1. When you scan region A:202-288 for helices (runs of 4 or more DSSP H) that lie fully inside it, which ones turn up with 1 or more residues that are surrounded by fewer than 18 Cβ atoms within 10 Å (Cβ to Cβ) and more than 9 Å from chain B (Cβ to nearest Cβ)?
2. Consider only pairs whose beta carbons are under 9 Å apart and that are at least six residues apart or on different chains; among these, list those whose first residue lies in region B:297-312 and is under 24 Å from residue B:501 (Cβ atoms) and whose second residue is open to solvent by less than 20 Å² (accessible area, probe 1.4 Å) and part of a helix (DSSP H, G or I).
3. For region B:92-137, how many residues meet the condition of being charged (D, E, K, R) and more than 23 Å from residue B:76 (Cβ to Cβ)?
4. Could you grab me the full set of residues in region B:424-444 that are open to solvent by 30 Å² or more (accessible area, probe 1.4 Å), modelled with pLDDT under 90 and either in contact with a His (Cβ under 9 Å, 6 or more places away or on another chain) or over 13 Å from residue B:392 (Cα atoms) (or both)?
5. Quick check: is even one residue across region A:295-311 in a helix (DSSP H, G or I) and within 18 Å of residue A:98 (Cα to Cα)?
6. Quick check on region B:245-284: of everything there that is within 21 Å of residue B:456 (Cα to Cα) and open to solvent by less than 20 Å² (accessible area, probe 1.4 Å), which residue is farthest from the chain's Cα centre (by Cα)?
7. Could you list all residues from region A:92-106 that are more than 9 Å from the chain's Cα centre (by Cα) and either surrounded by fewer than 24 Cβ atoms within 10 Å (Cβ to Cβ) or of a type in the set (S, T, N, Q) (or both)?
8. Scanning region B:356-385 for residues that are of a type outside the set (Val, Ile, Thr) and crowded, with 22+ Cβ neighbours inside 10 Å, which turns out farthest from the other protein chains (Cβ to nearest Cβ)?
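The values are calculated or read from the model by the stated rules, or taken from the named source; none is laboratory data. No experiment lies behind these values; they were computed from the predicted model shown. Please note: Cβ atoms are built from the backbone with ideal geometry, for glycine as well, and neighbour counts cover all protein chains shown. Each accessible area value is taken on the protein alone, full model and side chains, heavy atoms only, with ligands, DNA and RNA left out. Shrake-Rupley method; radii C 1.70, N 1.55, O 1.52, S 1.80 Å.
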Amino acid sequence: MKEKWRQLMERDGARTVASSLISIVIGLLVGCIIVIITGLASSSMDGGSVWDGVRLVLGGIVSTGRDAAGRLTFGFNPANVGNMLFRATPLILTGLSVAVAFKTGLFNIGAPGQYLMGTAATLIVALSIPTSSVPSPVVWLLAFLAGILAGALWGAIPGLVKALLNINEVLACIMTNWIAANVVTWIFDGSVWRNLEEYGKTNYIYKTTHNGVETARAGLDALFPGSQVNWGFGIAVGIAVLVYVFMTKTTMGYELVACGSNRHAARYAGINDKRNIVLSMAIAGGLSGAGAALYWLSGNTEFAWLTYQALPATGFNGIPVALLAASNPIGVIFTGCFMSMLNIVGQQLTSLTPYNEYITDVIIATIVYLSAFSLVIKLWLGGRKKRPKAQELAAPAPAAADGGEEKGGEGA
Amino acid sequence: MDSENVIEMLHITKEFPGIIANDDITLQLRRGEIHALLGENGAGKSTLMSVLFGLYQPEKGVIKKNGQEVKINDPNDATALGIGMVHQHFKLIEVFTVLDNIILGAETTKAGFLQKKEARAKVEALSQRYGLKVDLDAKVEDITVGMQQRVEILKMLYRDNEILIFDEPTAVLTPQEIDELMATMKEFAKEGKSILFISHKLNEIMAVSDRVTVLRKGRYIGTVDTRDTDKQALSDMMVGRSVQLEVKKAPAQPGEAVLSLRDFCVPSRAHKRNAVDHVSFDVRAGEIVCIAGIDGNGQTELVYGLTGLEKSSGGTVTLCGEDISHASIRHRGRNLSHIPEDRHKHGLVLDFSLEQNLVLQRYQEKRFQTRGFINRGAVREYARQLIGQYDVRSGQGPVTAARSMSGGNQQKAIIARELDREKPLIVAVQPTRGLDVGAIEYIHGQLVAERDRGRAVLLVSLELDEVMNLSDRILVMYEGEIVGEFDPQQTDVQELGLYMAGAKRAEKGGRPA
């Protein structure tokens, strides 16, 4: 057994997966500890609700509510699982967006802006082309492509600025994020796409269903009754597989990764590094735009267009999704689902206990913090026998507790 | 009988995960001797010295000073025992003055204030006594490498060190500076200081040392008196087999010019002048032309400008009859292969596997891709072929991570890749830097073989032995200009050294007739 473990840990991939799993476990444990501390410190909670909180942090996804006696019940909850998959859809794509840029040696912190531009383009196309004259699947496809294109163009801007003027992409991304936030508000302010039909909804854009455009659910609604899931999830998984193939099997992917791993060597080999920087950022932007398109084309939610004060959290959450997956496109599918599961956990906590959903942000923050240590954890797993001292490296984890994520303002 | 041994390192064993760096090594340093420590890269020289200097703790073995067992836990302990070290890469603070650097860590203070006057007097006295000329008030960033080394030596003397370790001290020096250093070392020995001299340059070891200890692959091979041995015997001990020291080659039979530079200029990143200033020369098919010079005289920029990594600011480059002065890197690559100076920066993508690195320029060739998809099978087969042909050793063959390979095999992989592209011009920049004798022998042989196949070879080297050994024609570069052209048969290291140091020069340009 021990021997088998040692052999497994000699493989780099296995160590990467294990280090991500360790980050997740520690993150969940920290979440539990905080649930216990806040519960015990609060006068309105007793030991029972603390125990409920802990159980929900660990198993909120299989919570089925409370029984007649008020006890928590657990089991397969199709609505929870379906909603998890629905919420994972945009996270997988923003995660891919960040991961692709990482592989090319770039930090795409511009996913929120690309996501917003994708949102705007998708909604405008989906709501403007009358489905009375154009079949709705065609409108859907055009809106989807418009979202990708808008995101790609927006992502290409920091890429161009970096390639031509050598300005750090992080700075350019942060600025384009806020420009996008204001541009989107400016586009929709006073526009015909505002929801003027329902009282008090003028801060929102119509759902795409208003024009009869929505992603097909074919069968998934029967599988997960009561949830918002649709085939957008399948498309996201398909895109992740395509990205994986692109990055690992094609000459273009080879060039991108070569540039990312060693820009000097890539230049030496005659690879046009500047073109690749722009290309990588455009692909990253297109993926974020696709995430936005799939989210809003679901027709489940309506978009709050006053975005100038806040950036969408989905964009930023692409960063932990990518980090936790070690930028592996296939891994992103799973970490995206995990992040959306935490979201569901937060909902369960809010509706079933006195706790609020922000506890899940603490868990995410802890995991992000630890994924930055993933290399250290990997080394530790590799040389565990020789250096038992490395154990103390896991210690900084609780410090992340106060690093909770900023909650973005996304219309829901 | 051991009383004359000032330092004894007995049965030292130092292990790192997966490797035994020092395996039962014994080294005895006598008072007043110059003791050379010889070995290939990875033989364990640096590890052994780091143990002595307190940077590593050995698993087994003891260190004795004057017969007393001592424990050296950190460099401060070493300094207290009178052990000083000049590291291969100098440990100086560039923005401090020479004097500040010398006293740093051993300052005399009064009520918290520096007493520089006394320090200055002491340093000046030392400097005069040993002829170590330094400008005490210059900033380290403004002085030459040779002077920086003198500063390092003065640092040891200022601390009254009795045991001086020199880690590959001659790598950065001109021949004249090397001679001065040797004289200084002998002077120290005469005064009863003991010197450990780490090197793999056999000429210097023969010239200056009293005894030599040879290490190989972490093991102790033996200690010999220098006067009882010769270069060949030492190199055989070091490598473990008989080594060809001199490159055997027939006289060159140059053909047409493959590469022509005319008034070629490349701007400098460090200053406003041109790093390469109106340089003109030809390299013909079937000859090895070597650019000799001290590091930092424009050789790097010359190669960057020539290969397209840096934009040139004037003049023309003609390669195989085509003006490529403004061509892209890939376009130039059609007719030249480039063994780069820095194998980690330019030569390899360390995170890639060996096979991915071997097709770094060729992945788009028809043979390695179909409609944009890389043909894995073809890449692997090609990698296997090169690995076999050029004897590149690696843990897992084609899929080995480039990062995990030894420096010598990384360099072999680059050489395999570049030579197999079969281009008319080969630009090789310090192709043997940091490699051991066995690997050097191999690479020199390959370059000569390419020359004999009718390729033009432009070699840039800082090692004068290599320059003298390998080239058919030598161009000396000084401050961005070619200051002389020589036939290796009719010149010697001393003459080259004068030109390299800027003390002599041919008429401006040194242009071939």
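1. Result: A:220-223, A:232-249.
2. Close Cβ pairs satisfying both conditions: B:297/B:500.
3. At the first step, the residues of region B:92-137 found to be charged (D, E, K, R) are B:94, B:100, B:107, B:110, B:116-118, B:120, B:122, B:124, B:129, B:133, B:135, B:137.
If we keep only those that are more than 23 Å from residue B:76 (Cβ to Cβ) as well, we get B:94, B:117, B:120, B:124, B:129, B:133, B:135, B:137.
Count: 8.
4. Matches in region B:424-444: B:433, B:434, B:436, B:440, B:441.
5. To start, the set of residues in region A:295-311 that are in a helix (DSSP H, G or I) comprises A:295-297.
Filter once more, so that each one left must be within 18 Å of residue A:98 (Cα to Cα): A:295.
Yes.
6. It comes out as B:258.
7. We begin by selecting, within region A:92-106, every residue more than 9 Å from the chain's Cα centre (by Cα); these are A:97-106.
Listed by number, the residues that qualify are A:97, A:102, A:103, A:104, A:105.
8. In this case the residue turns out to be B:383.
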